[in-house]
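A short worksheet on the structure shown next.
Just so you know, all these numbers are worked out from the coordinates, no wet-lab data involved. None of these values were measured; they are calculated from a predicted model. Glycine gets a Cβ as well: all are built from the backbone with ideal geometry, and neighbour counts include every protein chain shown.
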Amino acid sequence: MKNKGAKPSLNNTDIACDLQRHYNFTLGRFDSRVKTPYLLKALALTVRDRLMERWRVTREQENAAQPKRVYYLSLEFLLGRSLSNAIKNIGAQAEVEQALHSYGCTLEDLETEEIDAGLGNGGLGRLAACFLDSCATLNYPVMGYGIRYEYGMFHQSLESGRQIESPDHWLRDGNPWELERPDHRRRIQFHGRTESYTDDLGARHMRWVDTSDIYALAYDMPIPGYNTQTVNTLRLWKATATDEFNLNEFNAGDYAEAVAEKNLAEQITMVLYPNDASENGKELRLRQQYFLASASLQDVIEQHLEHCGGFAHFADKNCFQLNDTHPTIAIAELMRLLMDEHRLEWDAAWAITNNTMAYTNHTLLPEALERWSVHLFSALLPRLLEIIYEINARFLVQVAQRWPGDTERQRRMSLIEEGDEPMVRMAYLGIVGSFSVNGVAVLHSRLLKEDLFRDFYELWPHKFNNKTNGVTPRRWLSHCNPSLADLITQSIGDAWQKDLSQLEALRACVNDQSFTQQWANIKRQNKARLSDLVKSNTGVTFNPDSLFDVQVKRIHEYKRQLLNIMHVIHLYDRIARGDTQGLQPRCVLIGGKAAPGYYLAKLIIKLANNVASVVNSDPNVASLLQVVFLPNYCVSAMEVIAPAADLSEQISTAGKEASGTGNMKFMMNGALTIGTYDGANIEILEAVGASNFFLFGLKVEEISAHRVACTPNQIIESDVDLSRVMQLLECGHFSLFESNLFDPIVNSIRNPHDPWMVAADFRGYIDEQQRAIECYQNRELWVKKSIFNTAASGRFSSDRTITEYANDIWKL
Ligand code: 26Q
């Protein structure tokens with residue numbers, strides 16, 4: 001059947017009509033007063049109808065042209081809300097507003113009711129979402145593959161200043177954006193054993209037998225590009241039990257066991273792991289990784305064979321981008337599918353695998369590199385372990401040829417880490433199995449070559465490259481900051497939305513009084529909007545005339561929220577002493593989630609809250625300093641926070657933050673950065689110039705020498721301000737009824753081996769903060785610097801990043 005029906009139009013009466021129809025007949029609501037949640041759903045369906053046709057055409061055109069396709073494999077896609085993004089991208093904003101008029105509500109009222117799709121932890125997951133937006137906008141045939149977690153990133157609330165996690169049942173009321181695709185069901189094997197056999201032609205093969213299988217069901221989400229007809233696909237897999245899985249037991253009369261097994265199968269896609277650094281060893285996590293890899297590869301292979309008949313052109317037509325090591329088991333799985341299921345020889349299969357896989361690394365922390373115990377692997381994925389062993393054996397021959405007799409190097413580079421508990425090194429599998437290995441900022445990519453993956457760089461220098469991250473300007477400027485977007489468009493036209501480098505033209509506006517005044521007014525309004533959010537979430541009243549100093553990101557020692565809190569304590573101490581010379585009113589906002597098992601990160605949240613309550617309840621301090629910890633930081637919160645920030649805190653220990661992407665969102669919205677020489681901060685600094693950036697702290701090369709030269713205790717002793725901060729922390733000033741509460745934090749600062757160099761960077765940070773507040777006093781100059789930041793942010797569009805991936809890696 002090819003009845004395409006009538007195409008839904010974008011005119012406002014048709015939209016109004018469909019909206020009413022969905023409200024009444026899809027949702028079955030006939031309320032006398034329209035109920036917002038249903039209206040939201042009806043609007044989502046109305047918009048989805050309008051994506052459908054473009055989605056079909058995109059697919060049909062691709063099927064006809066058979067271009068090379070890219071598959072972005074990721075355990076995380078942190079999409080946030082979809083409604084206003086879709087409306088904006090198809091250009092139906094005015095029409096939707098019109099249609100909503102008769103319901104007495106605005107699009108803004110409705111869109112804030114939409115629940116975030118929080119299928120990610122932080123930077124890596126949000127990057128995947130920004131990339132999908134850019135791929136669709138640039139009309140690249142790129143498909144995302146991920147997991148349809150029943151529960152996304154946990155919801156964070158506070159009880160007595162401590163983080164409380166609760167489940168995020170985001171699918172409870174259904175998801176209007178997804179389409180179930182029962183025809184794309186895949187079977188995934190686990191456990192069992194391997195055996196060899198001889199086929200009819202006398203060839204030897206391996207097979208994986210006696211397995212416990214589950215199904216992967218496909219759910220597709222439309223990814224509309226901005227101002228283009230392209231609608232790409234994000235395919236998310238859900239696990240379900242196979243029928244025969246419970247049939248045996250059902251026949252034996254064990255109905256209850258049969259149903260229990262079904263739950264076991266469905267557990268695989270139940271919940272997102274809430275760690276943003278690897279938590280080693282959890283079997284369920286490895287199941288998730290293999291489940292995603294196998295389902296996606298089978299899907300791609302089937303589609304490829306349908307059109308191309310064989311594997312001769314597979315590597316010319318397909319490319320997999322692996323989002324960190326999480327999906328790198330795909331390398332072994334592709335080998336298995338090609339050899340065991342499609343009977344290719346090793347060398348042919350390896351050539352295909354090695355020419356289709358590309359690996360992106362997102363971390364420099366050695367402890368965050370994923371490793372899986374060989375023991376677990378052999379029980380869960382015995383065939384894959386065999387293949388990894390064979391990859392390793394052949395690889396180590398290459399190493400031995402290149403460095404004869406260097407057994408130490410073979411040990412270092414082996415995919416298997418030997419020891420009491422042998423482990424599979426997933427990052428090494430990613431490097432060996434891929435034709436491209438990239439870092440996510442210039443410094444990060446350099447350190448991968450010089451440090452973490454040095455041996456591999458020496459062997460294969462051509463594989464290594466950099467792709468500095470970016471963020472989508474549609475969500476992170478036009479959508480979240482509509483007033484600023486309007487002002488920009490009035491001044492330089494609206495082509496910047498698809499070519500962000502055009503923001504450079506704003507530099508010419510800094511001497512235009514009316515422009516700078518409007519720029520300042522818009523920031524003021526955005527600050528008022530954030531103040532409302534802060535007030536309703538914490539009860540604290542932020543003064544929009546103060547400097548808004550913001551640090552939002554996952555809570556991690558290397559990100560040094562602690563350094564920020566110590567600065568707050570220092571300011572509090574100064575004000576209490578009456579040393580207010582050169583001070584200006586400042587509002588400090590900290591937000592972010594801690595991994596539920598990360599003790600020190602959770603204690604840092606408690607400290608932030610305790611400091612906030614001491615500071616905020618001191619009437620002598622209130623006019624100069626206010627502090628909040630904003631609970632449940634998430635994508636939709638950032639959409640309010642980024643436009644309102646004056647000062648963006650990017651203060652990681654040098655060499656630890658791979659890139660950062662929040663730093664780019666703040667810059668785009670006209671915040672100035674106070675930051676270390678780390679990750680993409682360096683490129684931000686270069687783009688905007690040192691006079692528009694507050695730089696401090698040790699550089700990567702300086703850190704180890706500094707550690708030898710002086711200990712934290714020596715630094716504390718010789719710095720009066722730092723001594724006083726430590727004194728306040730140690731005397732229990734912020735933990736009145738639990739005096740030793742913050743000992744672990746104090747000890748971490750005083751630890752001579754403190755990897756995060758908190759004490760060492762304190763003085764530089766405090767001084768730079770003072771420079772920042774003094775600079776803020778000259779409001780006219782500050783506004784210019786703010787404009788310069790937005791103007792220089794063009795390089796940080798994910799359109800630029802994706803164009804580089806497409807040209808250099810994917811060869812589209
Ligand atoms: C691994 C194994 C088991 C459980 C969880 C994990 C896991 C999950 C998520 C490990 C890491 C992550 C996420 C990492 C991440 O977000 N990294 C950030 O990636 C950004 C995009 O490239 C960078 O900008 C940040 O610098 C980097 O920290």
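Annotations
- Fraction of the pair-distance distribution of segment 488-628 above 19 Å, Cα-Cα pairs, percent: 62
- Across every pair of non-identical alpha carbons in segment 24-139, the mean reciprocal distance, once inverted, gives a Kirkwood radius of 16.3 Å.
- Distribution of pairwise C-alpha distances over segment 699-812, 10 Å bins, in %: 11, 24, 21, 24, 16, 4, 0
- Prolate/oblate/rounded label for the chain (Cα gyration tensor, a/c 1.5): oblate
- Charge-dipole axis of the chain as Lys and Arg at +1 and Asp and Glu at -1 on Cβ define it, positive-most pick from GLN502, ALA265, ILE575: GLN502
- Kirkwood hydrodynamic radius over Cα pairs of segment 658-709, then Stokes diffusion coefficient at 20 °C and 1.002 mPa s, in µm²/s: 182
- Using the Cα coordinates of segment 1-70, the gyration tensor eigenvalues translate into equivalent-ellipsoid semi-axes of 31, 13, 10 Å, sorted from longest to shortest.
- By the count of other C-beta atoms within 10 Å, a proxy for reagent exposure, GLU341, GLU408 are ordered fewest to most as GLU408, GLU341.
- Annotation: the residues ARG186, ARG425, sorted from fewest to most other C-beta atoms within 10 Å of their own C-beta, follow the order ARG186, ARG425.
- Computed about the Cα centre, the dipole magnitude for segment 630-706 is approximately 100 debye when only Lys and Arg (+1) and Asp and Glu (-1) carry charge, each at its Cβ.
- Above-threshold pairs, the threshold being 26 Å between Cα atoms, out of LYS88/LYS467; LYS523/LYS553; LYS7/LYS68; LYS467/LYS602: LYS88/LYS467; LYS7/LYS68; LYS467/LYS602
- Taking a ≥ b ≥ c as the square roots of the eigenvalues of the Cα gyration tensor, segment 326-462 is classed as rounded, since a/c falls below 1.5.
- Rounded to two decimals, the Cα-based Rg/Rh of segment 577-634, with Kirkwood Rh, is 1.07.
- Electrostatic tally near SER704: other residues with Cβ closer than 14 Å to its Cβ, Lys and Arg +1, Asp and Glu -1, net -2.
- In whole angstrom, segment 102-224 maps to an equivalent ellipsoid with semi-axes of 40, 22, 15, each derived as √(5λ) from the alpha carbon gyration tensor and ordered largest first.
- Dmax and Rg, reported as Rg then Dmax, of segment 427-570 (C-alpha, Å): 21.5, 58
- Dimensionless Rg ratio for segment 333-384, taking C-alpha atoms and the 2.2 N^0.38 Å reference: 1.45
- If the Kirkwood radius is taken over C-alpha pairs of segment 33-74, then at 37 °C and 0.692 mPa s the Stokes-Einstein diffusion coefficient equals 253 µm²/s.
- Whether segment 741-802 is rounded, prolate or oblate, judged on the alpha carbon gyration tensor where a/c under 1.5 counts as rounded: oblate
- Here the residues ASP579, ASP299, ranked from fewest to most Cβ neighbours within 10 Å of their Cβ, fall in the order ASP579, ASP299.
- Straight-line cross-link partners of LYS262 among the lysines, defined as a Cα under 22 Å from its Cα and at least 8 positions apart when in the same chain: LYS238, LYS282.
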